[in-house]
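The values are calculated or read from the model by the stated rules, or taken from the named source; none is laboratory data. As the structure is a computational prediction, the values presented were derived from the model and not from experiment. Because the Cβ atoms are built from the backbone with ideal geometry, glycine has one as well, and the counts that use them run over all protein chains shown.
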Amino acid sequence: MVDRGLYRLSRVLSGVLSGVLLAIGAAASWAQSVAPASASASAPAWPTKTIRAIVPFSIGSTVDIIGRIVMEPLSAQLGQQILVENRGGAGGTIGTLQVAQAEPDGYTLLIHASAHSAAPASYPKLSYDTAGDFAGIAVFGNVPNVTVISPAKGIRRLRDLVEAGRKSNLTYASAGVGSATHWAAERLRLAAGMEGTHIPFRGGPEALTEVVTGRVDFMSIGISSGLPMIRDGRLLALAVNTGKRSVSLPNVPTTLESGFADSDYTFWNGILAPAKTPRAVVERLHQEIQKVLALPAVREKFAHQGVEPMPLSPTEFDALIRREIQANQALVKAANLKFN
């Protein structure tokens, strides 16, 4: 049985906490901006060698696509090669652990997404501290999730899918337990009061293939990954799992418009470093990434991928992760989800 009242209360409290944390973040950012110039003058030279950026998901996943768009011009700006490495598996926790254990010198970074803050709720025995072992650098943007289904299923509206899910046990795919695609579907399922069987895959591309063929009923996937198949008719977009319509799919209603409160899910994509990475390096990376995000070529690529701006300072990014950890743990309790 689901406890929607408990879950909704947790989201309200999360919003209140958000305002407090963002205010603290703004104050911290101001304090850093007026710090003596001598502090930066004494910072060690960086970078002087190749930087590794770990993507804890498969090649072609939404996180991978967006990360590579940013890393190429960032490499040029820093004057050093950035080697993007995919270390997929276990909902992103394998690659994330690798970064948590890396030397905090600014040469090993983590390109991740909302699944990062869902991991504590999905994997109670994590070998790292999701909030404590990492320092947020920058959020690249928010990629709306879209709930898709094969046109062959004969379902044309989200309400029809929900009705079918209330009558029978539907299957829904994800890019792995604890991935953003998993949590987006769980949040929708809880809000709609429908049952279903979760079928996790190693990555988004593999999961989408099963939905296209009809072997799995539906999926909530990042627009970046789903758009090509939506455009060529292999997938039907039922709704975007957001509070407002996506500019990439303006004619597709949101899950909220479809009548399911608390069904929206923020699918951010960004970059983090090991927690003890020098603050000067974190701030330098943040500033350089902001320059990259302002480049016309990058903005055009992001628009094509459905990426929407989500500007946050490093301090605000850290606060977002802590806030989402609490919200996801509340979701697990409300939906009575069981994880090993």
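Please work out if His112 is in contact (Cβ under 8 Å) with a residue 40 or more places away in the chain, surrounded by 20 or more Cβ atoms within 10 Å (Cβ to Cβ) and in a strand (DSSP E or B).
yes
Looking at this structure, is Ala152 in contact with a Phe, Trp or Tyr (Cβ under 9 Å, 6 or more places away or on another chain) and either free of Cβ contacts under 8 Å to residues at least 60 places away in the same chain or assigned to a helix (DSSP H, G or I) (or both)?
Against the criterion (in contact with a Phe, Trp or Tyr (Cβ under 9 Å, 6 or more places away or on another chain) and either free of Cβ contacts under 8 Å to residues at least 60 places away in the same chain or assigned to a helix (DSSP H, G or I) (or both)), Ala152 does not qualify.
Residues that are over 20 Å from the mean Cα position of the chain (by Cα) and either at pLDDT below 95 or not basic (Lys, Arg) (or both): does the range 51-61 have at least one?
yes
Quick test of your reading of the structure: Gly176 fulfils all but one of (1) at pLDDT below 95; (2) over 16 Å from the mean Cα position of the chain (by Cα); (3) in a loop (DSSP other than H, G, I, E, B). Name the failing condition by number.
(2)
When the range 118-130 is examined, which residues are found to be modelled with pLDDT of 95 or more and either within 15 Å of the chain's Cα centre (by Cα) or acidic (Asp, Glu) (or both)?
Scanning the range 118-130 gives Asp129, Thr130.
Residue by residue through the range 312-340, note down the ones that are out of contact with any Ser or Thr (no Cβ under 9 Å at 6 or more places or on another chain), modelled with pLDDT under 95 and under 29 Å from Leu227 (Cβ atoms).
Ala335
Within the bounds of the range 287-302, is there any residue that is in contact with a Pro (Cβ under 9 Å, 6 or more places away or on another chain), over 25 Å from Leu78 (Cβ atoms), in contact (Cβ under 8 Å) with a residue 40 or more places away in the chain and assigned by TED's automatic domain parsing to the domain that holds Ala53?
No, there is no match, as no residue in the range 287-302 is in contact with a Pro (Cβ under 9 Å, 6 or more places away or on another chain), over 25 Å from Leu78 (Cβ atoms), in contact (Cβ under 8 Å) with a residue 40 or more places away in the chain and assigned by TED's automatic domain parsing to the domain that holds Ala53.
Which count do you get for residues in the range 59-85 that are among the hydroxyl-bearing types (Ser, Thr, Tyr) and surrounded by fewer than 22 Cβ atoms within 10 Å (Cβ to Cβ)?
Counting residues in the range 59-85 that are among the hydroxyl-bearing types (Ser, Thr, Tyr) and surrounded by fewer than 22 Cβ atoms within 10 Å (Cβ to Cβ) gives 1.
Kindly check whether there is at least one residue in the range 87-96 that is surrounded by 19 or more Cβ atoms within 10 Å (Cβ to Cβ), β-branched (Val, Ile, Thr) and touching a Lys or Arg at 6+ places or on another chain (Cβ under 9 Å).
Looking through the range 87-96, at least one residue is surrounded by 19 or more Cβ atoms within 10 Å (Cβ to Cβ), β-branched (Val, Ile, Thr) and touching a Lys or Arg at 6+ places or on another chain (Cβ under 9 Å).
So Lys338 fits all but one of (1) part of a loop (DSSP other than H, G, I, E, B); (2) crowded, with 17+ Cβ neighbours inside 10 Å; (3) not small (Gly, Ala, Ser); what number is the exception?
Failed condition: (2).
Quick check, is Leu126 outside the structural domain of Glu206 (by TED's automatic domain parsing), without any contact (Cβ under 8 Å) to a residue 60 or more places away in the chain and in a strand (DSSP E or B)?
On the way: outside the structural domain of Glu206 (by TED's automatic domain parsing): yes; without any contact (Cβ under 8 Å) to a residue 60 or more places away in the chain: yes; in a strand (DSSP E or B): no.
In short, no.
Quick one: which of Pro144, Pro205 is surrounded by fewer than 22 Cβ atoms within 10 Å (Cβ to Cβ), closer than 28 Å to Val292 by Cβ and modelled with pLDDT under 95?
Going through Pro144, Pro205 in turn, just one is surrounded by fewer than 22 Cβ atoms within 10 Å (Cβ to Cβ), closer than 28 Å to Val292 by Cβ and modelled with pLDDT under 95: Pro205.
Looking only at the range 197-238, how many residues end up being in contact with a strand residue (DSSP E or B) (Cβ under 8 Å, 6 or more places away or on another chain) and either among the polar types (S, T, N, Q) or at positive phi (or both)?
So the answer is 2.
Would you say Gly95 is in a loop (DSSP other than H, G, I, E, B) and either in contact (Cβ under 8 Å) with a residue 12 or more places away in the chain or hydroxyl-bearing (Ser, Thr, Tyr) (or both)?
no
Quick one: in the range 147-191, of everything that is of a type in the set (A, V, I, L, M) and more than 23 Å from Glu257 (Cβ to Cβ), which residue is surrounded by the most Cβ atoms within 10 Å (Cβ to Cβ)?
The residue in question is Ala175.
Provide a single number: the residues in the range 47-58 that are of a type in the set (Val, Ile, Thr) and surrounded by fewer than 16 Cβ atoms within 10 Å (Cβ to Cβ).
The qualifying residues number 2.
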